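The values are calculated or read from the model by the stated rules, or taken from the named source; none is laboratory data. As the structure is a prediction and not an experimental result, all values here were calculated from the model. Here the Cβ positions follow ideal geometry from the backbone for every residue, glycine too, while neighbour counts run over all protein chains shown. Note: areas computed on protein heavy atoms with side chains; ligands, DNA, RNA excluded. Shrake-Rupley method; radii C 1.70, N 1.55, O 1.52, S 1.80 Å.
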Amino acid sequence: MTAPALLSQHIRVTGIVQGVGFRPFVWRLAQQLGLRGWVRNDAQGVELLAQGSQPGLAELQERLRLDAPPLARVDSVKVHALPAEPFTAFSIIASQSGQAATAIGPDTAVCADCLHELFDPSSRRYRHAFITCTHCGPRYTVTRALPYDRPQTSMAAFPLCPACSQDYTDPANRRFHAETSCCPQCGPRLSLSDAQGQPLAGDPINRTLQLLQNGQIVAIKGLGGFHLACDARNATVVARLRLRKNREAKPFAVMLANAASVAPFAHIRHCERSEAIHDFQLHGLPRFARSDEVSVQGPCAVSSPIQTARDDDQRALLESRERPIVLLPATAACATALPGVAPGLQRLGVMLPTTPIHFLLFHEAAGRPDGVAWLGEPQALVLVMTSANPGGEPIVRDTAEAHARLAGIADAFLDHDRDIVARCDDSVLQVVAGAAQFIRRSRGYAPAAVHLPRSGPSVLAFGSHLKNTVCVTRGHDAFLSPHIGSLDNAASCEFQDETVQRLCDLLDVKPQIVAHDLHPDDYSTRAAMAYAQQRGFPTVAVQHHHAHVAAVCAEHGWQGPLLGLALDGVGLGTDGTAWGGELLRVDGAQCERLGHLRPLPMPGGDRCAREPWRMAASVLHELGRNAEIAQRFQDPAASTVATMLVRQFNSPRTSSMGRAFDAAAGLLGISHTMAYEAQAAILLEQAATLHIEAHGWPTSMPGGYAIGDDGQLDLLPVLGALNKAGDASQAAAVFHAALVAALTEWVIQAANTTGLTTLAWGGGCFLNTLLTSQLRQNLQHRGITVLVPQRTSPGDASIALGQVWVALHSLEATTCV
């Protein structure tokens with residue numbers, strides 16, 4: 001019998017295929033299929049030359065897409081035939097450098113296999129605080145450059161010991177070419193020091209637990225920076241942490257050992273984990289290329305599987321490899337059990353252990369049991385785990401910085417000698433109307449790319465002033481950075497500069513267009529202008545609310561005109577006034593303002609964003625009831641505010657929906673002044689939720705609303721009626737019901753006028769779960785297709801992505817009127 005003809009193929013695989021065990025996966029496939037040749041990393045992804053029979057090569061191509069490792073995301077598999085070459089085996093060869101066209105994956109939590117080793121006394125990695133393999137551990141935060149190889153990471157300082165070298169070169173071992181692989185002999189190593197930097201003797205994990213149990217605050221080094229940790233059950237230490245961190249009322253997140261430990265503090269539901277949820281856990285993106293393509297140019301052009309999440313998928317999110325903070329409904333006992341953790345709130349931010357260090361602390365508290373059975377049992381330890389970022393500055397990442405910036409805050413430091421190359425704060429999600437929604441997209445998800453339906457010159461976008469992220473494009477991919485924060489302090493501005501440089505260097509791109517916000521005084525704008533001027537690049541200014549809608553268009557790949565609804569706190573409009581409640585017609589770089597909320601004066605300007613009573617006073621003034629202001633509000637400035645409104649002094653008008661929420665909260669006495677951003681709106685939504693859960697949505701809406709011929713939506717009637725309400729919870733529900741009805745009618749009128757039946761929305765107000773769920777339901781019932789943010793937050797963290805989208809379309813034309 002004649003032997004089958006040998007064929008040779010050059011295969012290029014792109015996507016997130018480095019640092020995820022892809023080369024060992026290819027090697028094992030080749031052994032199974034009887035193929036010869038080689039595989040290596042290069043700047044574009046993974047490259048292989050495979051030689052074998054036609055059936056074997058065909059199966060290889062299929063399985064490269066369908067059976068990729070858990071952390072991989074295959075964007076394309078390109079195949080070219082080559083003349084047959086003589087190979088005797090299949091091997092992994094040295095990586096090849098060049099201009100990068102691949103990406104590094106986000107960091108992930110410890111996998112189940114590593115946990116089994118971590119708590120197995122017979123394992124040489126027993127209780128090793130840096131255990132990892134090809135399926136878990138740090139990626140983005142340890143990588144200095146691509147291709148992803150150990151010398152290009154912060155693990156370069158820790159040469160492999162003989163035993164780890166054997167694992168690294170053993171194809172049957174899951175640490176085969178695992179670049180972060182290590183053991184106690186290789187390092188890294190833990191250390192514990194006091195507030196003065198003096199070493200503390202003893203086992204660092206054991207001593208840290210003792211400190212926590214004795215009411216101390218410990219700075220603990222994680223994947224993307226330090227956390228400040230303390231005993232969440234200890235009211236005294238929680239209050240001390242608030243005082244030291246100058247965090248009066250903003251809620252803390254807590255870390256528990258496992259989902260079984262959550263029940264006393266928060267309600268959590270469980271379901272069988274669907275493939276859709278599995279894919280969302282990966283990167284918030286579809287994992288596989290389209291099944292009908294042999295050579296795919298990008299990820300699946302379908303809606304993200306995040307859409308298929310259900311309310312009972314909170315546990316799946318908690319236990320996902322990304323390990324975000326998940327907002328859960330608090331139990332009645334939570335406020336007493338965890339005093340001061342989330343004051344006045346009925347939701348609790350919960351996260352599960354991410355790093356081996358976290359797991360070891362809970363293991364120590366459990367009495368160091370052998371095996372992993374204890375991980376399925378309720379554990380008593382509850383830790384406040386909050387980002388170590390004093391004064392709203394970026395998260396602290398290295399030893400010297402920790403001791404300098406956390407002086408007077410932390411009592412001790414649990415540190416280690418593996419460098420954090422890139423800061424990366426925790427991600428925060430909630431489940432809304434059956435879908436997971438990002439509040440903050442960072443560790444575990446960033447900087448995974450959003451695939452765009454169009455390519456073009458590389459664009460660098462500097463984002464917004466608040467909740468800043470930056471974004472850079474390379475080909476069809478837009479890489480949105482991890483959370484940077486609000487650019488109102490020097491450290492955050494420096495962090496933005498650092499992130500811009502890191503993203504460009506890591507992706508090996510040289511931007512050709514720079515995009516920024518319309519506001520000339522924002523640091524992000526000034527930094528963008530300076531960056532572009534130094535390099536001679538053109539710039540594109542993008543109106544804030546145009547960018548909100550454009551971000552949704554970008555992630556959905558929407559080409560063509562649609563309606564846009566942008567509801568947030570503030571953004572500079574094209575007319576120089578403060579916008580924030582906008583109905584738009586958007587078509588790429590074209591943006592037309594179809595309508596807006598009736599503008600309200602802001603007595604004292606930006607102070608209104610911190611003092612809701614001022615917006616309540618504004619409503620009274622607009623209703624002709626200025627005389628009531630001094631009597632109604634027990635504030636020393638009340639009489640002055642009334643006079644300012646009469647004289648129109650320092651009272652710029654705004655169409656902001658965020659300020660309308662503040663006005664409602666102020667009128668109902670729910671919030672007089674705010675201790676943190678959006679506190680008034682959060683408390684207003686919470687009050688409304690209590691009434692709606694008990695009595696359903698209100699059917700009677702006193703006051704109502706009005707829509708003018710000019711497209712202006714007037715909420716004064718319903719706001720005026722709130723002033724007379726007795727039951728604040730019921731009135732808050734009425735406000736939400738009236739708002740949903742008003743926005744529904746507003747959009748439907750615009751749809752009838754323009755003929756457009758697709759709507760994209762964005763803006764921080766869409767983090768309101770009542771508004772988001774009910775408005776979407778209403779609009780879909782009326783025949784409107786609603787596109788919502790899925791892979792990014794609806795808030796300002798998505799602005800950079802929207803700026804990129806507009807800039808790419810600006811090659812045609814850009815206007816917003």
Checklist line | Residue that is farthest from Glu582 (Cα to Cα) [pool: residues in segment 770-798 that are open to solvent by 30 Å² or more (accessible area, probe 1.4 Å) and in a helix (DSSP H, G or I)] | finding: His781
Checklist line | Residues located in segment 318-360, provided they are open to solvent by 10 Å² or more (accessible area, probe 1.4 Å), under 26 Å from Cys424 (Cα atoms) and in contact with a His (Cβ under 8 Å, 6 or more places away or on another chain) | finding: Pro356
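This table checks each residue for (1) at pLDDT below 95; (2) closer than 30 Å to Leu352 by Cα; (3) touching a Ser or Thr at 6+ places or on another chain (Cβ under 8 Å).
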{"position": "Leu60", "(1), (2), (3)": "no, no, no"}
{"position": "Ser97", "(1), (2), (3)": "yes, no, no"}
{"position": "Ala100", "(1), (2), (3)": "yes, no, no"}
{"position": "Leu146", "(1), (2), (3)": "yes, no, yes"}
Checklist line | Number of the exception - Cys424 against (1) surrounded by 24 or more Cβ atoms within 10 Å (Cβ to Cβ); (2) over 11 Å from the mean Cα position of the chain (by Cα) | finding: (2)
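Per-residue answers, yes or no, for (1) in contact (Cβ under 8 Å) with a residue 40 or more places away in the chain; (2) out of contact with any strand residue (DSSP E or B) (no Cβ under 6 Å at 6 or more places or on another chain); (3) open to solvent by less than 10 Å² (accessible area, probe 1.4 Å); (4) within 30 Å of Gly755 (Cβ to Cβ):
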{"residue": "Asp505", "(1), (2), (3), (4)": "yes, yes, no, no"}
{"residue": "Ala550", "(1), (2), (3), (4)": "yes, yes, yes, yes"}
{"residue": "Leu563", "(1), (2), (3), (4)": "yes, no, yes, yes"}
{"residue": "Ala589", "(1), (2), (3), (4)": "yes, yes, yes, yes"}
Item checked: Of residues in segment 76-90 being part of a strand (DSSP E or B) and farther than 16 Å from Gly56 by Cβ, the one most open to solvent (accessible area, probe 1.4 Å) -> His80
Next item on the list: Those residues that are surrounded by 24 or more Cβ atoms within 10 Å (Cβ to Cβ) and either outside any helix (DSSP H, G or I) or small (Gly, Ala, Ser) (or both), I need them from segment 643-657; list them, please.
Entry: Thr654, Ser655, Ser656
Margin query: If I filter segment 393-408 for residues that are assigned to a helix (DSSP H, G or I) and of a type in the set (Val, Ile, Thr), do I get at least one hit?
Written below: yes
Check: What are the residues in segment 154-206 that are hydrophobic (A, V, I, L, M, F, W, C) and open to solvent by 50 Å² or more (accessible area, probe 1.4 Å), if any?
Finding: Ala156, Ala157, Ala172, Ala201
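Could you tell me whether Thr499 is in contact with a Ser or Thr (Cβ under 7 Å, 6 or more places away or on another chain), outside any strand (DSSP E or B), farther than 18 Å from Leu787 by Cα and of a type in the set (Val, Ile, Thr)?
yes
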Margin query: It is to be established whether one or more residues within segment 483-490 are in contact (Cβ under 8 Å) with a residue 24 or more places away in the chain, within 23 Å of Asp75 (Cα to Cα) and open to solvent by less than 40 Å² (accessible area, probe 1.4 Å).
Written below: no
Notebook entry, point to check: List the pairs whose first member sits in segment 602-621 and is closer than 11 Å to His672 by Cβ, whose second member is of a type in the set (S, T, N, Q), and whose Cβ atoms are under 7 Å apart, counting only residues at least 6 apart or on separate chains?
Noted result: Arg610/Thr673; Glu611/Thr673; Pro612/Ser671
Note to self: Being out of contact with any strand residue (DSSP E or B) (no Cβ under 7 Å at 6 or more places or on another chain), not in a helix (DSSP H, G or I) and not β-branched (Val, Ile, Thr): is that true of Pro69 here?
What the structure shows: yes
Checklist line | Odd one out for Ile748, checked against (1) open to solvent by 20 Å² or more (accessible area, probe 1.4 Å); (2) at pLDDT 95 or above; (3) part of a helix (DSSP H, G or I) | finding: (1)
Notebook entry, point to check: If you go through segment 571-578 one residue at a time, do you hit one that is crowded, with 24+ Cβ neighbours inside 10 Å, of a type in the set (Val, Ile, Thr) and at pLDDT 95 or above?
Noted result: no
Check: Is there a residue being of a type in the set (Ser, Thr, Tyr), open to solvent by less than 10 Å² (accessible area, probe 1.4 Å) and under 26 Å from Ile131 (Cβ atoms) anywhere in segment 391-414?
Finding: no
Note to self: Just to be sure before I move on: is Val431 of a type in the set (A, V, I, L, M) and open to solvent by less than 10 Å² (accessible area, probe 1.4 Å) in the structure I sent?
What the structure shows: no
Check: Out of the residues in segment 207-230 that are among the hydrophobic types (A, V, I, L, M, F, W, C) and in contact with a Gly (Cβ under 9 Å, 6 or more places away or on another chain), which is most open to solvent (accessible area, probe 1.4 Å)?
Finding: Leu223
Note to self: Under 9 Å between Cβ atoms, which residue pairs at least 6 apart in sequence (or on different chains) link something in segment 344-372 that is on the phi > 0 side of the Ramachandran plot with a partner that is hydrophobic (A, V, I, L, M, F, W, C)?
What the structure shows: Gly344/Ala249; Gly344/Ala335; Gly344/Leu683; Gly367/Trp374; Arg368/Phe119; Gly371/Phe119
Check: Give me the pairs: first residue in segment 36-61 and part of a loop (DSSP other than H, G, I, E, B), second residue among the aliphatic types (A, V, I, L, M), beta-carbon distance under 8 Å, and six or more apart or on different chains, which are they?
Finding: Ala43/Ala100; Ala43/Ala101; Ala43/Leu146; Gln44/Ala100; Gln44/Ala101; Ser53/Ala5; Ser53/Leu6; Ser53/Leu7
Next item on the list: Can you tell me which residue within segment 699-713, out of those that are surrounded by 15 or more Cβ atoms within 10 Å (Cβ to Cβ) and more than 11 Å from Phe735 (Cα to Cα), is modelled with the lowest pLDDT?
Entry: Gly711
Check: Is it fair to say Leu243 is closer than 17 Å to Glu393 by Cα and among the aliphatic types (A, V, I, L, M)?
Finding: yes
Checklist line | Residues of segment 661-689 classified as open to solvent by 10 Å² or more (accessible area, probe 1.4 Å), of a type in the set (A, V, I, L, M) and without any contact (Cβ under 8 Å) to a residue 60 or more places away in the chain, total | finding: 1
